[in-house]
Structures are given as C-alpha cells and as structure tokens.
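The values are calculated or read from the model by the stated rules, or taken from the named source; none is laboratory data. All values reported here derive from a predicted model rather than from experimental measurement. Here Cβ is always computed from backbone atoms with ideal geometry, including for glycine, and neighbour counts include all displayed protein chains.
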C-alpha cells in the first residue's frame, strides 16, 4: 500500500469521524437550545490550526537549513582533506610529490569548474570526478615508502584521501532535494487551509484588515519559498558554495 493511499485513508477517516460526531450531536440538540450561550469555537480552532502550522513550518525550515549546513560542511571537509594531501606529500620524492599534487589540482579544478554545475542542474556527481579522485588515491596508496620519514607520512595521507572520498559521497547525497513529496503536500494544503480560515472570521474590507490579511498571506508564501530554496543545497539561490576550494586552492580555481 502506497504512502499516498495511507495518507488519503487516514485523512478521510479523521474527517468522517469528526463530521459524524458533529451530526449526531446536532440531532440531540433540543428546540430550546440557544447557540449564543455556548462559546464560539471558530476562533479557537483557527488559532490552533495556525499554531500547528507554524510549528510544522518551523520544523521544515530547521530541517532544510540543517541539510544545507551539512552540505556546506562536507565541502569544507573535502577541501581540507585534499589540502592536507597536497601539503603532506612534500616528504615524498619530487617525482611522486609532483604527480600527487598535479592530480589533486586536476580534481579540484574539475569539481569547481565542471562538477559543481552538474550538481546544480542534475543533482548528481560526475564520473570524471570519480576517476580523478581514484587517480589521487592510486598515487598515494601505490607508492612504497623508502624510509621511516616517508613511512610515517604514508598512513595519514591514506586517511586524508579516505576522508575526501567520504566527504565527496556526502556531497553527492546532498546534491538533490531532501524534502519528501508528502511533506510538500502537507505544507501546501496547510497553507491553503490556514489562509482560507481568514474568511471564516468575517473579514471586512477595511484597509487595516485587508493589509493584515495580505501580509499574512505574503509571509506564508515567503516561508514556503524559503523552504523550497534551501531544499536543494547546491542548486538554488541560497545554496552551499565552493568557497572552501577557492580559499585553499586559489592557484587552481582562479
């Protein structure tokens, strides 16, 4: 059974139960009942729906912001690990050191100039980037240290390459949208219900009331846009950037 079918059944069942109870309760009301003596529940329900929807909006914004922060952190870790590989390779012979640094520079240049655009448009990594990082790994792991000094640097270099690979995988996982479709369904329906409840309060055409209604609707629209913008950490306006690569490899990325 799909999640959409389960959601539809749950919502329909909840509505049916509430409406059934309301109809049965209304039949039990006598002719001498005076509705003016009972508290008006409309304003209370409107307030509660607004509060619940505000909580949902806050959780959604916190979730997508956390996803964006995690995406930016993965970029920083990857850039830092590659920077360490480039720096620690100085203990190796000139031929090996230059090959490692050249392959690191080639990978970073590809990430900044080519792969970043692919992540923004297709929400995926490139095969070329994987090949270039594998070449860096081979440069580090295939070399056999010739002395104790090189031997002491070997394992840290391997660890830094592994850290860069892990951060790259995390970057790829965060490239696409993270908000499930069912959550967007709830956010949009909740926005329509919340804004629609304004009309249950018998809003008039005075300038003050119309201004407040317009500002409230605009605020809901802005918050939904903010969630949508943060939902793709690498693909929209307020997105994660390649700044760590630009800072640590200015000669390559410039």
Exercise for review: Check whether at least one residue in the range 231-239 is modelled with pLDDT of 80 or more and in a helix (DSSP H, G or I), and report yes or no.
Suggested key: yes
Study note, to complete from the structure: Going through the range 107-151 in order, the residues found to be in contact (Cβ under 8 Å) with a residue 60 or more places away in the chain and in a helix (DSSP H, G or I) are 108, 109, 111, 112, 113, 116, 119, 120, 121
Review point. Can you tell me which of 198, 203 is at pLDDT below 80, in a helix (DSSP H, G or I) and touching a helix residue (DSSP H, G or I) at 6+ places or on another chain (Cβ under 7 Å)?
Key: 198
Review point. Does residue 164 meet the test of being touching a helix residue (DSSP H, G or I) at 6+ places or on another chain (Cβ under 9 Å), part of a helix (DSSP H, G or I), at pLDDT 90 or above and over 30 Å from residue 231 (Cβ atoms)?
Key: no
Review point. Does the range 127-139 contain any residue that is within 29 Å of residue 228 (Cβ to Cβ), at pLDDT 90 or above, surrounded by 12 or more Cβ atoms within 10 Å (Cβ to Cβ) and touching a helix residue (DSSP H, G or I) at 6+ places or on another chain (Cβ under 8 Å)?
Key: yes
Check your understanding: Hey, does the range 176-192 have a residue that's surrounded by fewer than 15 Cβ atoms within 10 Å (Cβ to Cβ) and farther than 30 Å from residue 46 by Cβ?
Key -> no
Check your understanding: Of 219, 215, 187, which residue is assigned to a helix (DSSP H, G or I) and touching a helix residue (DSSP H, G or I) at 6+ places or on another chain (Cβ under 7 Å)?
Key -> 187
Check your understanding: Scanning for something surrounded by fewer than 16 Cβ atoms within 10 Å (Cβ to Cβ) and over 30 Å from residue 56 (Cβ atoms), does the range 209-228 turn up at least one residue?
Key -> no
